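**Q** I have a structure here, written as structure tokens, and I will follow up with some questions on it.
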Amino acid sequence: MDKIRIVGGNALHGTIPISGAKNAALPLMIASLLTEEKLVLENVPRLADVALLQRILGNHGVDITTNGKRTGDDPNAGQTLEIDARVIVDTTAPYDLVSRMRASFWVLGPLVARMGVARVSLPGGCAIGTRPVDFHLDALRALGADIDIDGGYVLAKAPKGLKGARIVFPKVSVGATHTALMAAALADGESVIENAAREPEVADLADCLVKMGARISGAGNATIHVQGVPHLRGARHSVLPDRIETGTYAMATAMAGGDVLLAGARPDLLESALDILRAAGVEVEATNEGIRVRRNGAGILPVEVSTAPYPGFPTDLQAQLMALMTKAKGRSRITETIFENRFMHVQELARLGAKIHLDGDTATIEGAERLTGAPVMATDLRASVSLVIAGLAAEGETLVQRVYHLDRGFERLEAKLSRCGAEIERISG
Ligand code: UD1
């Protein structure tokens, strides 16, 4: 298994290109199941999760071609996928695939909406806590689907098609909002989705669905109106930039010190995180090309943060912020309100010398003068990148193991950081 080796101490200087958002690319690829025509997605990041979803969609009969890189192409540009779901040969998504990536469960909504039937494995356990799918199932039930659970599979049936309905989520869920949006797009009549997730990736999915002929208004707000249509058509759509990757490299720059341009980043997608960085004493400036992050000499100030659904501080940046706060001058407090077990990185950060005390959903971090390199273990996607951030400021060598977690969500991480002066390399094996 590959490892990432980091020798801390170098400041970062240069430009980091921001890739297309993984969390938008996945639902956009799944939306291809809603139409017999071709969906062309641009700026798709080259990630293990994207490759796995290609396999999962392929299993349903979806044909996907990726345009090869031509001479002169920008090596940082994302890939273009041409996705053709004209023929669905199989409406089952099997356990061995769905268990490897939870988001693949989201094929359930579009499959039952278009085909009238879908059989999708329950995703199973997850390193960051129990992640049920009840909101997805309740939304589809509200739209008239019959739902049975048998042998670890969800069987959804709507032989006469789905019917528009009012869907009220008890708690904000990004995935369940995607499910409701895609299913309602092909339902008969009007749907109203209340307490919908306002994440930019939901709005990006809605934008693409509208290009495909869906009638949706209000995406990006808590109430979304969908007027169902009988068919959707092909479209071309470019995936929005990854706000979590942006925030991650902003925190890496804050941690290591230096001056980095996050090229192509959109500050409007992560205002809460940028505000926290400013409160921590980091210089953050929106420019025509993206976001410029600087920390030269000044220390890091402690902050108090709670994660929250968008536009709040994202849970997907919680581990990275915690890594940064291990070097703050004083005591920080981070409360995780979205996932109950998302503190797996705490014990690993402790191996580097971080002083973190956990009490229920709150972590108290006593900023330390020094972190020292050590072998550490990646446990999930965002936790693993927090160890890289800590390693950038630790004295000596940090060896991050199980980096396949990183490859799920960060495109060419070691190349992007080393081009800015970090001593970081991948050790294959
Ligand atoms: C998505 C993101 C993930 C991010 C999360 C929260 C993708 C591919 N993943 O995950 O990176 O951390 O949003 O911003 O976009 N819940 C239920 N029942 C359900 C569904 C969710 O109780 O049926 C709960 C979850 O356990 C969690 C909360 O709702 O406590 C939010 O989860 P949700 O927004 O659904 O996360 P995902 O869509 O899986």
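The values are calculated or read from the model by the stated rules, or taken from the named source; none is laboratory data. Quick caveat, the model's predicted, so the values are computed rather than measured. Positions of Cβ are backbone-derived with ideal geometry, glycine not excepted, and every protein chain shown enters the neighbour counts. Quick note on the areas: whole protein, heavy atoms, side chains included, nothing else; ligands and nucleic acids left out. Shrake-Rupley method; radii C 1.70, N 1.55, O 1.52, S 1.80 Å.
**Q** Kindly check whether there is at least one residue in region 50-57 that is of a type outside the set (A, V, I, L, M) and at pLDDT 95 or above. Steps first, please.
**A** Quick first cut of region 50-57, residues of a type outside the set (A, V, I, L, M) only: 54-55.
Filter again for at pLDDT 95 or above, leaving 54-55.
Yes, the conditions are met somewhere in region 50-57.
**Q** Could you list, in sequence order, the residues of region 305-329 that are more than 24 Å from residue 200 (Cα to Cα) and either open to solvent by 30 Å² or more (accessible area, probe 1.4 Å) or within 16 Å of the ligand (Cβ to nearest atom) (or both)?
**A** Of everything in region 305-329, those that are more than 24 Å from residue 200 (Cα to Cα) and either open to solvent by 30 Å² or more (accessible area, probe 1.4 Å) or within 16 Å of the ligand (Cβ to nearest atom) (or both) turn out to be 327, 329.
**Q** To continue, here is another question. So in region 385-409, with the set limited to residues that are under 21 Å from residue 328 (Cα atoms) and small (Gly, Ala, Ser), which one is surrounded by the fewest Cβ atoms within 10 Å (Cβ to Cβ)?
**A** 396
**Q** Identify all residues within region 331-347 that are open to solvent by 30 Å² or more (accessible area, probe 1.4 Å) and either under 15 Å from residue 371 (Cα atoms) or free of Cβ contacts under 8 Å to residues at least 12 places away in the same chain (or both); write none if there are none.
**A** Of everything in region 331-347, just one residue is open to solvent by 30 Å² or more (accessible area, probe 1.4 Å) and either under 15 Å from residue 371 (Cα atoms) or free of Cβ contacts under 8 Å to residues at least 12 places away in the same chain (or both), namely 347.
**Q** Within region 145-167, track down each residue that is over 26 Å from the mean Cα position of the chain (by Cα) and surrounded by fewer than 18 Cβ atoms within 10 Å (Cβ to Cβ).
**A** Answer for region 145-167, where residues must be over 26 Å from the mean Cα position of the chain (by Cα) and surrounded by fewer than 18 Cβ atoms within 10 Å (Cβ to Cβ): 146, 147, 148, 149, 150, 151, 157, 159, 160, 161, 163, 166.
**Q** Let me ask something else about it. Scan 192, 210, 229, 202 and give me the residue that is in a loop (DSSP other than H, G, I, E, B) and over 23 Å from residue 324 (Cα atoms). Walk me through it before giving the result.
**A** Working: 192 fails: in a loop (DSSP other than H, G, I, E, B); 210 fails: in a loop (DSSP other than H, G, I, E, B); 202 fails: in a loop (DSSP other than H, G, I, E, B).
Of 192, 210, 229, 202, the one residue that is in a loop (DSSP other than H, G, I, E, B) and over 23 Å from residue 324 (Cα atoms) is 229.
**Q** Among the candidates 360, 373, which residue alone is more than 30 Å from residue 241 (Cα to Cα) and within 16 Å of the ligand (Cβ to nearest atom)?
**A** Within the list 360, 373, the selection yields 360.
**Q** Any residue in region 372-384 that is closer than 11 Å to residue 404 by Cβ sitting within a Cβ distance under 7 Å of a residue that is more than 16 Å from the ligand (Cβ to nearest atom)? List the pairs, counting only those 6 or more apart or interchain.
**A** 378/387; 378/400; 378/401; 378/402; 378/403; 384/400; 384/403
**Q** Examine region 60-78 for a residue that is modelled with pLDDT of 95 or more, touching a strand residue (DSSP E or B) at 6+ places or on another chain (Cβ under 9 Å), surrounded by 13 or more Cβ atoms within 10 Å (Cβ to Cβ) and not in a strand (DSSP E or B), and state whether such a residue exists.
**A** Yes, some residue in region 60-78 is modelled with pLDDT of 95 or more, touching a strand residue (DSSP E or B) at 6+ places or on another chain (Cβ under 9 Å), surrounded by 13 or more Cβ atoms within 10 Å (Cβ to Cβ) and not in a strand (DSSP E or B).
**Q** In region 186-211, which residues are in contact with a Gly (Cβ under 8 Å, 6 or more places away or on another chain) and either open to solvent by 50 Å² or more (accessible area, probe 1.4 Å) or within 14 Å of residue 27 (Cα to Cα) (or both)?
**A** Selection gives 188, 190, 198, 200, 202, 203, 206.
**Q** Just to be sure I understand, how many residues within region 280-299 are in contact (Cβ under 8 Å) with a residue 24 or more places away in the chain and out of contact with any strand residue (DSSP E or B) (no Cβ under 9 Å at 6 or more places or on another chain)?
**A** So the count comes out to 2.
**Q** Residues that are under 26 Å from residue 361 (Cβ atoms), open to solvent by 50 Å² or more (accessible area, probe 1.4 Å) and assigned to a strand (DSSP E or B): does region 168-183 have at least one?
**A** yes
**Q** Given the structure, is residue 285 more than 30 Å from residue 141 (Cβ to Cβ), open to solvent by less than 10 Å² (accessible area, probe 1.4 Å) and of a type in the set (D, E, K, R)?
**A** no
**Q** Tally the residues that are open to solvent by 20 Å² or more (accessible area, probe 1.4 Å), more than 7 Å from the ligand (Cβ to nearest atom) and at pLDDT 70 or above, restricting the search to region 116-136.
**A** Number satisfying all stated conditions: 3.
**Q** Given the criterion within 16 Å of the ligand (Cβ to nearest atom), touching a Lys or Arg at 6+ places or on another chain (Cβ under 6 Å), over 20 Å from residue 136 (Cβ atoms) and not β-branched (Val, Ile, Thr), identify the matching residue among 270, 240, 261. Please lay out each step first, then the result.
**A** Values: 240 fails: touching a Lys or Arg at 6+ places or on another chain (Cβ under 6 Å); 261 fails: within 16 Å of the ligand (Cβ to nearest atom).
The conditions single out 270.
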